[in-house]
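Taking it in order: structure first as structure tokens, then the write-up.
The values are calculated or read from the model by the stated rules, or taken from the named source; none is laboratory data. The shown structure was predicted, so the numbers you read here are calculated from the model rather than taken from an experiment. With ideal geometry, Cβ positions are generated from the backbone for all residues, glycine too; neighbour counts draw on all protein chains shown.
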Amino acid sequence: MKDYIISSRTYPYITLNWNLQLSSGQKAMLDMFSRFYSIATKINNLGDKNILILIDEGELYLHPQWQKSLLKDLLDFFKMIYDKDIQVILTSNSPFIVSDLPKHNIVFIGKKARENGMIDALVNKKQTFAANIHTLLSDSFFIDGELIGDFAKEKINWLINILSGDIDNIRKNEKKIRKLINLIGEPIIKNKLMSMLEDQLKTNLIRVDEEIENLKKRIMELEYRLLIGDLDD
């Protein structure tokens, strides 16, 4: 690119067309990196002055795979286009960015309640560099509560409630219950709910068998009493 810029000052012999059907993430990446490149000459001509670059949620619109590589891509790009040391400050809500940074290079800012509203508060966290992204996600700084969607959580709670309730209601909704359980991707939750369903149906079947046996005994008793003429009119 540098060679083209120098050689095309007299006549731009290559036509660049950016009117492509790009995704929002591709547009965001192209816009961010092109803006950094556009100021490269100005920054490199600043002499010994310190350079500080602020990036506010640079991962916005990016696919998780691109978020995971964003910090490395930026650092590699800066080394390529800038001939001096650059200090970078990023703001981000992404655990993908956090996993590339040591704890002492991160300032966590959360919300702390007070009487007249909310205030920002620094939050102490565990080691972050090379940390498992799933572990980071489970931290309350990123996600408060379970790592499943609220809609799915509501359905799971419905299953738990109905499987803990009346057997007649379970049998009435058995087809719906089985279908919903089979949709669950988390095997531990899925197996537990299926076990609850089977236990309820098995317990109910035992009760039905016991009732049948009791009725059979009652019938035999009545037949015997009828045989000996011991029944009241």
#### Entry: Condition met for G58 (of a type in the set (G, A, S) and touching a helix residue (DSSP H, G or I) at 6+ places or on another chain (Cβ under 7 Å))
yes
### Query
Does region 174-187 contain any residue that is basic (K, R), within 30 Å of P95 (Cβ to Cβ), part of a helix (DSSP H, G or I) and modelled with pLDDT of 80 or more?
no
